[in-house]
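What follows is a short report on a single structure.
Every number here is computed from the coordinates shown, using simple stated rules; none is lab data. All values derive from a computational prediction rather than experimental measurement. Ideal geometry is used to build each Cβ from the backbone, glycine not excepted, and the neighbour counts take in all protein chains shown.
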Amino acid sequence: MVLVSAIAVGGSLIGVPGAIAHWEKGLAAGGEVAAGSLSTSATVTGVKETITNDSYQTTHFARVLNEQQASSGFTGTSSVTLVVEPSTDAGLGAVMSVAVWPVTAPGDCDSMSEPAPGYMSAAWSEGISSVPVETPPHGEALFCVRGYPTDSTPSPSAPAVQQNRAVVAARLGVAAAVSSTGSKSFAPTFTGRISLGNFNAQAPASGAATISTSRIFNFFTTSQNVYLRNVAPAASCWNIAYGGNTSQPGLDLIAFANPNCANGAAPTRNEQFFQIRVPGKSAVQIRANSTNPAYGYLQATPDGTLIESQVGNVEELHQLWIPQSGPLSGGYSGRQFVNVATGLCAQAPAASGGTFSTAPCGSSNRFFSTMWVSP
């Protein structure tokens with residue numbers, strides 16, 4: 001939480017340096033205004049400041065106080081405006097957008113709040129001003145600020161197709177050699193300005209918040225034919241439980257305790273042999289080679305409790321995966337497979353024979369090594 005204040009006396013501005021937010025507050029009033037002073041203060045609180053594969057939006061709550069002082073003859077209200085300054089960050093700030101809207105209570109601005117009708121939005125590199133809020137002397141105006149990747153949506157509950165993960169994740173990704181946590185960040189700034197007749201004041205500050213990504217790594221492409229091995233909790237291979245029926249949907253992906261994966265069978269008939277197919281530039285399909293060619297495409301169930309084989313369908317987002325290259329324990333590189341529909345990662349079961357599921361990215365049982373196989 002950051003406090004910013006500024007005082008304008010007789011049309012001059014006195015700013016308070018060293019704050020971490022940058023707010024703008026404007027005051028406009030009717031009636032005669034005698035000599036007096038204008039003053040404003042603002043606080044900004046980070047509600048959600050981290051972007052992950054399954055949650056792209058950030059949220060900040062702002063409270064701006066009208067501390068106006070004027071002659072007793074003034075009885076009008078003031079218009080309060082919150083301004084998000086243009087970002088000059090060439091990394092994360094360059095691929096983010098921002099939306100801002102007034103709220104009536106702090107509880108109206110949380111990580112799942114939907115932007116109010118008429119909200120203002122723009123690329124963060126351009127900056128944006130809120131709609132003005134009429135505020136009486138010693139009253140306060142409340143605002144919600146939502147950050148989101150450009151080409152995605154400010155709505156946290158929007159359908160998966162609007163989240164546009166296959167495109168956005170590639171822009172947000174960080175090379176493991178650069179960040180072992182898949183993180184990059186930028187510090188947005190805000191401004192508060194007061195105007196009353198010919199009186200104006202503003203209270204700038206920088207570093208109001210730090211918006212960052214977490215566990216989002218660079219998209220990678222791998223060889224077409226692979227074995228996929230769990231690193232934790234025990235070395236075991238991805239295995240499709242086809243039971244000899246190769247033309248059946250709904251076959252579970254299970255773990256098989258065999259660190260070499262080949263299992264003594266020819267790769268073209270091995271239930272642990274998978275093909276990586278790339279229908280688009282930023283997402284893949286993963287097909288079990290042991291099944292009928294129309295079947296075997298790994299698809300997460302909507303509730304995330306299973307990964308099953310299904311008929312191939314590039315329009316089914318639960319069947320598309322974003323491979324990301326990140327770090328493994330011991331310094332080895334590995335892969336996480338992010339589901340396009342949910343943003344959750346494929347997760348290995350606790351023991352051999354257990355079924356795979358999906359969960360938020362980050363744990364060691366959501367990283368895998370790949371071994372190339374000649375077809």
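Please find the FRET efficiency linking Gln224 to Ala105, where r is the Cβ-Cβ separation and R0 is fixed at 45 Å, and quote it to the nearest 0.05. Don't skip to the answer; put the middle values down first.
Values: r = 55 Å, r/R0 = 1.22.
FRET efficiency, Gln224 to Ala105: 0.25.
From Cα pairs below 8 angstrom and at least 6 apart in sequence, can you work out the relative contact order of the stretch 137-183, rounded to a whole percent?
Values: 20 pairs, mean separation 11.0, N = 47.
The value is 23 percent.
Can you sort Leu228, Leu142, Leu306 by how many other beta carbons sit within 10 Å, fewest first?
Numbers: Leu228 24, Leu142 18, Leu306 15.
So the residues, fewest neighbours to most, are Leu306, Leu142, Leu228.
Could you put His60, His318 in order, starting from the residue whose Cβ has the fewest other Cβ atoms within 10 Å?
On the way: His60 25, His318 21.
Going from sparsest to densest Cβ surroundings: His318, His60.
Take the Cα atoms of the stretch 45-194, build their convex hull, and give its volume per residue in Å³.
Working: hull volume 16.6 nm³, N = 150.
So the per-residue hull volume is 111 Å³.
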